[in-house]
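Just so it is clear, none of the values below were taken in a lab; they were calculated from the coordinates. All figures in this text were calculated on a predicted structure; none of them were measured in a lab. Glycine also receives a Cβ, built like all others from the backbone with ideal geometry; neighbour counts cover every protein chain displayed.
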Amino acid sequence: MDNIIEIKDLSFSYKDSEGKLHPALHNINLNFERGTYTAVLGHNGSGKSTLAKLINMVLTREDGEIEGSVTVCGKEVTGDISDEDAYNIQCRIGMVHQNPDNQIVATTVEEDIAFGPENLGVDPVEIRKTVTEMLKAVGMEGHEKSAPHRLSGGQKQRIAVAGVLAMHPECIIFDESTAMLDPEGREAIMRTIDELHRRGDVTIITITHYMNEATDADRVVVLNQGSVYMDGTPEQIFSQVEKLHSVSLDVPQVTELFWRLKKAGKYNGELPLHTNEGAEALASLLKVKRD
Ligand code: ADP
Ligand code: MG
C-alpha cells in the first residue's frame, strides 16, 4: 500500500509562553493512502486543525511537545528535517484554510494564483498557462484580472483552491474551508473537491463539521478529545448513530430520519446517507403500505 501520510503513536501538547504544556492529541495512529478522499470529523477543540498543522509542518517541535511520528511522502516531518526538505514537503501538501480573506496575497486573481509557482521559480509562460487552467478547474474561468477582495466568499475560496492547485500538490487538506461560506459557495467548493477526487491523482483530506460533506468521502475519521474515536467508510460510521450521538455529533438528517423510523419499528432496511437514497427508501415504504 502506498501511504502518502503515516502517523504513528502521535501525541502533541502545545507549549505556552510560560512553558506549560496543553495536551491536544493523544496516541494517534492513522495512515492516508495515496489518491484517497478522507473526511475528518469532530467537535470544536477535538484536535483536527492540530493534526493538519503537524502534517504540513505549520506546527513543529518549537510549538510544543511531540511524541511519535508523522511521515509525509517518505520523510519524517516530526524529526530533524532540513529546510530544503521541509519546503519541498510544504509544496507537496497544500492546505486551504477556513477564512478565504487570510489566504489572498495579491491584488489580482492572476497574481494571487501565480504567487506559489513564482516562488518555485516556474517559467512565467508556464505560469500563465497554469493560472488559466486552474481557474477553469475551480469554475472561475475569465477572472484573471478580477480583484480578489471584490469577489464573494465562495469565489475567494475557489481562488484559494486554484492557488493551491497551481503548486500541483500531491495532497490537499481543506480545514473547514466551507465553514464561512453560504450554501452556494459551499456547494461550489464541494463540487471542486469531488472533481479533484474523480481525477484520481490527488489525496484529499477534508476537515469539516458538516455531516453531509463527509458522506461523499471514501473514509471518515472521527476525532474526539484528541483521539481517534471512529475510523471507517461513511456507511460504517453513520450507521452507528448512537455512538455519534453519545459524543454530541450528528448524522446526516436523512440518516437520522430513517434511524428514528427504524427505532419505531417502521423501517428495517439500510440507513440512507444521501437524500436520493432516502427518497427511494421512502417510496418503497409507501408502496408496501398501499399494497
Ligand atoms: P479543532 O480544529 O478540532 O477545533 P484544535 O486542533 O484547534 O481543534 O484544538 C485542539 C486542542 O488544542 C483544543 O483543546 C485547543 O484549545 C487547543 N489549542 C489549539 N491551539 C492552541 C494553541 N495555540 N495553544 C494552546 N492550545 C491550543
Ligand atoms: Mg480547527
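Structure above, values below:
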quantity: Residue order, fewest to most surrounding Cβ atoms within 10 angstrom, among Thr206, Thr108; calculated: Thr108, Thr206
quantity: Gln240-Asp2 FRET efficiency (beta carbon distance; Förster radius 25 Å; 0.05 resolution); calculated: 0.30
quantity: Helix 183-199 axis, angle to the chain major axis (alpha carbon atoms, nearest 10°); calculated: 80 degrees
quantity: Contact order normalised by residue count of segment 143-291, Cα under 8 Å, 6+ apart, percent; calculated: 14 percent
quantity: Whole-number percent relative contact order across segment 252-291, with pairs defined as alpha carbons under 8 Å at least 6 apart; calculated: 39 percent
quantity: Entries of Lys48/Lys243; Lys53/Lys145; Lys8/Lys75; Lys8/Lys53 with Cα pairs more than 22 Å apart; calculated: Lys53/Lys145
quantity: Residues whose placed amide H lies under 5 Å from that of Gly64, excluding near-sequence neighbours; calculated: Lys15
quantity: Local electrostatic count at Leu271 - Lys and Arg +1, Asp and Glu -1, tallied over other residues with Cβ under 10 Å; calculated: -3
quantity: Theoretical gain in end-to-end length, Lys262 to Asp16 [0.36 nm per residue, Cα-Cα removed]; calculated: 83.7 nm
quantity: Sparse-neighbour loop sites [GluC sites (Glu not before Pro); segment 1-79; at most 11 other C-beta within 10 Å; DSSP]; calculated: Glu18, Glu62
quantity: For peptides 255-262, 112-119, 274-281, sequence by mean Cβ density within 10 Å, most packed first; calculated: 112-119, 255-262, 274-281
quantity: Cleavage-rule hits, trypsin sites (Lys or Arg not before Pro), segment 1-85, DSSP coil, Cβ neighbours within 10 Å at most 14; calculated: Lys20, Arg61
quantity: In degrees, nearest ten, helix 124-137 long axis to first principal axis of the chain (Cα); calculated: 10 degrees
quantity: Derived scalar couplings ³J(HN,Hα) [segment 151-163; Karplus, 6.51 cos²θ - 1.76 cosθ + 1.60; whole Hz; x for Gly, Pro]; calculated: 7, 6, x, x, 5, 4, 5, 5, 5, 4, 5, 4, x
quantity: Average Cα contact separation per residue, the chain, under 8 Å, 6 or more apart, as relative contact order %; calculated: 21 percent
quantity: Sorted by Cβ density within 10 Å, fewest first, the residues Val164, Val247; calculated: Val247, Val164
quantity: Stokes-Einstein translational diffusion, the chain - Kirkwood Rh over all Cα pairs, 1.002 mPa s, 20 °C, in µm²/s; calculated: 104 µm²/s
quantity: Note, ³J(HN,Hα) from phi for segment 212-223, Karplus 6.51, -1.76, 1.60, rounded to Hz, x at Gly and Pro; calculated: 5, 7, 8, 5, 8, 6, 6, 8, 10, 10, 9, 9
